[in-house]
Each structure stands twice: as C-alpha cells, then as structure tokens.
Amino acid sequence: MPCAFRPAWKRAPSAVLIGVALVAAGCETKPKLPPGAHPVVTVAPPLKSGAWRRIATDADEDRLARLDSAWQQALTEAGKSFANEIRKEGALLKPHAALQRPAPTPGSYNCRLIKLGQASPKTRAYESFKPFFCYVEVEGNLLTIVKQTGSQRPAGRLWEDDNPDRLIFLGSLTLGDEDQPLAYGDDPKRNMAGLFERIAPFRWRLVIPWPQSTSKLDVFELTPVTLQPEG
C-alpha cells in the first residue's frame, strides 16, 4: 500500500525534507507480475575448471594463462635454425591443433619429448629426444599419466576444463631411482602444469608451458603401443 505523508509544518529544514523523500521512495510498491507468472532464479552450473584451479598453485595457473606467449616465443626462437624440423612435425607443433574428445584410452603409449625455445642463452632452441614408454590409467574418476622409463619421469592427473577440447595436466617430476612420484604441490620446484590435447586419430600431445627446465615449451607426443600388455 502506498505511504502517505502529511507533515504538520508548513516550512521545514531542507535536511528534513530530504529524509522524508528518501523514506517515501522506500515505501513505493513493487510492480506486480502478470497473472500466472512466477519469478524464476537461474543458477549457472559450476565451472569444470573449478576443480583443478582449487589444486593448482598460483605460479602454475599463471604459466597456463601465458600459454600463447610460450608458443610464440618458443617457435620464433626454434624456427631460426630448425624450421624444417618444426614443419616435419606437423600438427604436433602447431599451437591451435586441438581436436574434440581429448581423453585418451587407458593403456601403454610410445612417448616422445620435444623442447622448444631457450630458457637461457646456453641452452638449445630445439631438442628432440628418443621415444620412451608411458602409461595412461584410471584413478577414481580421473585419468593419470606416468612416464615409465628414464632419469626424469613426469607423472600426474588429467582434469576436465571449461574448454571441452583439452584436459589440464597437474603433476610432478620423479627423478633417478625414486620409486614413487611426489604428489603435486609437495615440492614446488618439481611441479608440472600443462594441457593435454588430441591432435589426430590415435595421436595426443601434452604441452607444458614455461617448464622449470631448459626450454620455454615442452611438447610430449603420445601414440598407443601397437601390442598392448594383457591384464
């Protein structure tokens, strides 16, 4: 019901009149909805990225946010002397080559690492390493990746992201004869964060921007082993 004000004075101080005006404005009735209409509150679904962002360190989240810059700088530096090598790799070294359905099938994979860009003037702008074996398995409702051989063995989990064409990798680096990988976050100097993408049928890549190593960008290629182990 609208409020009515009948002041008993003829002339009032301006401050009093302003106060009366504000109270009167607060007493205005809200507009009525049409018959049969009801107010609706829409709640947006939770972001998928919320899960991995709650775990990722600020430093790693910043590295992922600067992925485009890592690609640009790494390819520019490597392209000065290794343009042919980069071209031969095709989609593996193209920044925007991700395809739909990035999740890999659990099993054994042939993995290969290419390092791009220089972390310091003394390092090479392009390095390609011999293939090794890695394994994708299911852990709860997440996929994990573990490098099985070598003195430096990345291991971590894959998380869903708001971009459906990629998964987020958060892991750590296992060194030497260590039996078990460190949990992500246990040692910030060993943390690894990257994007996992499918770039062709039966071909995936794990891209690590600004790794804590000798490069500006690490790119792991994964292709399934032809004869998968039984069991």
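The values are calculated or read from the model by the stated rules, or taken from the named source; none is laboratory data. Here the structure is a predicted model, which is why all the values come from computation and not from measurement. Neighbour counts are summed over all protein chains in view; Cβ atoms, including those assigned to glycine, are modelled from backbone coordinates with ideal geometry. Just so you know, the surface numbers come from the protein's heavy atoms only, side chains and all, with ligands and any DNA or RNA stripped out. Shrake-Rupley method; radii C 1.70, N 1.55, O 1.52, S 1.80 Å.
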For segment 175-194, how many residues are touching a Leu at 6+ places or on another chain (Cβ under 7 Å) and over 19 Å from residue 119 (Cα atoms)?
1
Could you list all residues from segment 114-164 that are part of a loop (DSSP other than H, G, I, E, B), touching a residue at least 40 places away in the same chain (Cβ under 8 Å) and open to solvent by less than 50 Å² (accessible area, probe 1.4 Å)?
117, 120, 123, 125, 161
State which residue is surrounded by the fewest Cβ atoms within 10 Å (Cβ to Cβ) when the search covers only segment 77-113 and only residues that are of a type in the set (Lys, Arg) and farther than 17 Å from residue 209 by Cβ.
101
Filter segment 52-72 for residues that are closer than 15 Å to residue 186 by Cα and acidic (Asp, Glu); which is least open to solvent (accessible area, probe 1.4 Å)?
60
Go through 70, 59 for me and flag whichever is touching a Phe, Trp or Tyr at 6+ places or on another chain (Cβ under 8 Å), part of a helix (DSSP H, G or I), at pLDDT 90 or above and among the small types (Gly, Ala, Ser).
70
Search result, residues across segment 165-177 that are buried (at least 18 other Cβ atoms within 10 Å of the Cβ) and either at pLDDT 95 or above or more than 17 Å from residue 132 (Cα to Cα) (or both):
166, 167, 168, 169, 170, 171, 172
When the residues of segment 200-215 are narrowed to those that are more than 17 Å from the chain's Cα centre (by Cα) and touching a residue at least 40 places away in the same chain (Cβ under 8 Å), which ends up nearest to residue 71 (Cα to Cα)?
215
For segment 178-231: of the residues being in a loop (DSSP other than H, G, I, E, B) and of a type in the set (Phe, Trp, Tyr), which is surrounded by the fewest Cβ atoms within 10 Å (Cβ to Cβ)?
202
